[in-house]
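Just so it is clear, none of the values below were taken in a lab; they were calculated from the coordinates. Model, not experiment: these values are computed from the prediction. Cβ atoms come from the backbone with ideal geometry, glycine included; neighbour counts cover every protein chain shown.
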Amino acid sequence: MSSSFIKSFWPDSSSLLQGIVRFRWIAIVFMMLGAFPLLRGGYLLREQLFYFMAVIALLAVFNGLTQGIWNKTTSAQEQSMLLVHLLVDLLAAAGLLFVSGSAANPFIFILALHGFLGGMLLRGFRSLAFIGVLIVLLSILQIETNKDASITLNIDRGELYFQFLSQWILVLAAWFVAYLFSGLLEKQEERIRSLQNRQHRADRLKSLGALAAGFSHEMATPLNSLKLRLDRGLRKIEDPTAARSEINQAQISLDECIAIFQKMAGVFTTSTDGELQKLNVNSVLKDIVRAWEADNKVTLRKEITEREFFCPIQPLSFAQTILDLLDNAKEASSAEAIITLRMYDETEEVVIEVIDAGSGVVPEVFERMGEPFNTNKQQGNGLGVYSALMTAQSMGGEFTLSNNSSGKGATARLTIPHEGLE
């Protein structure tokens, strides 16, 4: 049995709709098991058993037909879809209660559970509409029970009406408490999001400060060298050979400044420009690796899964990040060493790892991980890791760098959430 077939009946509960589908399957099983106690207790007649099972079967068919809706529903449509699902469940439950004792059925408390779900999951007019329908259905069940009581001897009407009132109070209280609690949770979530946004802005300002400080430090050396060479070249202007040598050195310093500017421009352009596109990461990664291998004579061990994962990525940013990681691994490893590239699936995320065979990352670099110009390479500028972090964040993923447990080399790990297999 394939995993896609299993997920159609037992989807991952990463959204409210998926959770409703899971909950409904559980409810269907318990309703089928509950038919036998209802028969023995006299609440369900044998001639009504077919209707009882037919309602459960229709509910199961509806649950099966809704497979795939959660992948096509936007956040704006989710509340409407939740209302439809909850109303279908409510009508099914009311229908089953109607043929098995109505309001006298001991399972009448299931309506209170529906009221709780409606108050918790629905907001605004949708929640009010749902509780309105629930009250109407409860009233119909109570009217039916009252009719049955009118032809039954020795029925205490006072006790019956007290039960009806208790049912109303239970249903309304369940809905009201859930609605109030859900509102409090929403306010708390808004507060958390506000705090997260503030923290994000603070982190951005901190990152910009580190970027400015690192940039000043990196530019200081070539700019000072450029100024020194130009001054010396002017003093040796009468000696063309010596002046030309100083000017050549000044040109080298100027090229270093330009390279730093271009690298920084590339980092910000590739990590912030362009919208996310849903692409087959397996295919994109293979194309990137094929192009890199054509330009680099390095032994690259590839362990890439053949399954196709579709992820929202920025193609240019993603490609630049992978190329930077491969270049870093090449620079860290010896010429005869083997670099490993891995890609696999892990809990709804695509994991891409680049493993080098170098000397690893020194503790000083780990302490300032992610800061620009933080590197232990003599000719490096630390913008590769900074770019990888920004790219991962823009795609909703994470980037980590760690030394290998073997004590040799380091592993750069990029995780990106995927939207399922296709």
Non-local residues with an amide H under 5 Å from the amide H of Gln314, with H modelled 1.01 Å from N and Pro and chain starts lacking one, are Gln277
Sequence order, the stretch 140-146: Karplus ³J(HN,Hα) from phi using 6.51 cos²θ - 1.76 cosθ + 1.60, θ = phi - 60°, Hz rounded, Gly and Pro as x, gives 4, 5, 5, 4, 5, 5, 5
Burial-style ranking of 296-302, 55-61, average other-beta-carbon count within 10 Å with highest first, yields 55-61, 296-302
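I need the peptides 99-106, 141-148 ranked by packing, meaning the mean over residues of other C-beta atoms within 10 angstrom, with the highest value on top.
99-106, 141-148
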Interchain or sequence-distant (5+) residues whose placed amide H lies within less than 5 Å of the amide H of Gly358 are Gly409, Ala410
Amide H contacts under 5 Å for Thr299, restricted to residues at least 5 apart in sequence or on another chain and with H modeled in the peptide plane, are Ile339
